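Note sheet for the following structure.
Readers should treat all values here as calculations from the given coordinates under stated rules, not as data from a laboratory. In this text, all values refer to a predicted model and were calculated from it rather than measured experimentally. Note that we place each Cβ from the backbone using ideal geometry, even for glycine, and neighbour counts take in every protein chain shown.
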Amino acid sequence: MSGRALVVEITRLEAAHLSGLVAQFADLLRESTPQDGDPAIARLVPPAYPDDESAAAEFRALTAGDLLARRASDADIVLASLHDAAQIPDDPDDPTLLEEVEVHLDPQASRAWLRTLAAVRLVLASRLGVADTDDYDHEDPRFGIYDWLGYRLDGLVRALESTD
């Protein structure tokens, strides 16, 4: 992974929506534990030993808290980097909503963005019931958000690969 800075171009409206999604994700992380039985949280801490339930439970007990705390910290980094870009007017007809802004990411923030966008997409996939490509519902507008997150994640990966 690159040690160089990266610039993400995003509209203010997109930044505001992404900030809202990441804030909800951070709240979920802070309010839940793997023991709660939430499938979205379980998807974020998959079993290390899928063939050994006892070993997987022991490993999860030892590592899940730290992993979820790191995910929350990553979400905080993403939120901080989006703060200025996500400032939008109250008027839905204001043309500045579609204004392109640059979000500058240092290497640490770039990695936090990668992990956070992927994790938010996993949570959304869990909520939508997506286990494989056959589970996609083109009529459900929530899948637009799922696709958009994938688009943003793909663009970030490509940008980081091109800087190596």
Total charge dipole magnitude, the chain, about the Cα centre, Cβ charges on Lys, Arg, Asp, Glu only, Debye to nearest 20: 600 debye
Cβ-based net charge around LEU156, under 11 Å, with every Lys or Arg adding one and every Asp or Glu removing one: +2
Crossing angle, helix 12-31 versus the chain [Cα axis fit, 0-90 degrees, rounded to tens]: 20 degrees
In order through segment 77-88: 3J(HN,Hα) via Karplus (6.51 cos²θ - 1.76 cosθ + 1.60), integer Hz, x for Gly, Pro: 5, 4, 4, 5, 6, 8, 3, 5, 5, 7, 6, 10
Helix axis angle, 107-128 relative to the chain longest principal axis, alpha carbon, degrees: 70 degrees
Signed unit charges on C-beta, dipole axis of the chain, positive-most listed residue ALA109, GLY37, THR63: THR63
Per-residue HN-Hα couplings for segment 49-63 [Karplus 6.51, -1.76, 1.60; θ = phi - 60°; Hz; x = Gly/Pro]: 10, x, 9, 9, 4, 5, 5, 5, 5, 5, 4, 4, 4, 7, 10
Cα centroid separation - segment 85-113 against segment 1-58, whole Å: 21 Å
Whether segment 78-164 is rounded, prolate or oblate, judged on the alpha carbon gyration tensor where a/c under 1.5 counts as rounded: oblate
Most to least packed among 89-98, 139-148 [average Cβ atoms within 10 Å]: 139-148, 89-98
Rg(Cα) / (2.2 N^0.38 Å) computed for the chain, rounded to two decimals: 1.12
Amide proton proximity set for TYR136, modelled H, under 5 Å, gap of 5+: none
Karplus (6.51, -1.76, 1.60) ³J(HN,Hα), θ = phi - 60°, over segment 139-156, in Hz, Gly and Pro reported as x: 7, 8, x, 5, 5, x, 5, 4, 5, 4, 4, x, 4, 5, 5, 4, x, 5
